[in-house]
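One structure is given below, encoded as structure tokens.
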């Protein structure tokens, strides 16, 4: 199984508290629905990944159509949360410019995307009204393309907030994730349908919008505020688009399958340090902790075993102890050949200058066990 991550070309968020302000270089991306002086406000997130990056992953890494793609954002802080809510994503229908502003700029920066404008306001607007989002206030309703939803419009605000595709040629382009108070509130939206259309270039790639459900945007009696790390963060948690696919092979040859609940599983070819590019194959040595005595000229401790077929690898940050790549039946299955178990990691999708620990999860003798032998390695920047 395999995991590959790409990082955004642009990301920003747009908000109604200042409908012309840009936050293209803000470290935080915010979703919200909350009142200010009795008026409901909201904020939405925009992300864009290049078509070239998407095509490179699918053509040169995956090589098939059997994959899923997930938008992932790490939560920085959350407050005033309801008991349950949903977050939605759609492919954006208009081109937009990132800009160089921040949310707290005074005066506000107008160099890029905002609630009203796609490509900047005031002196930055390329064509005046022509740079506004596709909404009924910028063009006649009859001219809005089929399958495109324009954004919210009410007494307090001029039309704005983005424009997005809800579907294309019968393909549903809405992605949704539902939360409860027990959730961790990270975003992990399956946007595979949209990515496939961007890959084939049958739909213009203007990125993705992330928004709250209509019923909690523009709240006047309650609030929800969710702040996520953006690509300009100084943390190890930038947003990414993650591809997951099955490249596993399970051919044990003459190897016996490990069945002892007391076992040793460890890396055999860990170099300790890797540059942040390319694919690295990690080999595992698996054996019973206490091998059965047999009459043989070779040591029983050197015999390698195959792990059970439903075995998975995971990656944990050594400092924060957070699972950077969690065990996943759809993307981290351990392979096996006649030599023994193995798995591959794409290093460019991992933050450099960090130490990581490899964990193994498997089912042995009817029990699910997680094996942690403190096998760690560091990823460093290439040059």
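Listing for the model above:
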| read-out | value |
| --- | --- |
| Those residues of region 44-66 which are touching a residue at least 12 places away in the same chain (Cβ under 8 Å) and over 21 Å from residue 9 (Cβ atoms), in sequence order | 64, 65, 66 |
| Region 220-258 - residue that is more than 27 Å from residue 56 (Cα to Cα) and not assigned by TED's automatic domain parsing to the domain that holds residue 23 and, of those, surrounded by the most Cβ atoms within 10 Å (Cβ to Cβ) | 258 |
| Residue 274 modelled with pLDDT under 90 and either under 30 Å from residue 234 (Cβ atoms) or not in a strand (DSSP E or B) (or both) | no |
| Selected residue (only one of 77, 108 is modelled with pLDDT of 90 or more and assigned to a loop (DSSP other than H, G, I, E, B)) | 108 |
| Residues satisfying the stated conditions in region 5-50, i.e. touching a helix residue (DSSP H, G or I) at 6+ places or on another chain (Cβ under 8 Å) and part of a strand (DSSP E or B) | 5, 6 |
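The values are calculated or read from the model by the stated rules, or taken from the named source; none is laboratory data. Values in this document were obtained by computation on a predicted structure and should not be read as measured data. Cβ: placed from backbone, ideal geometry, glycine included. Neighbour counts: every protein chain shown.
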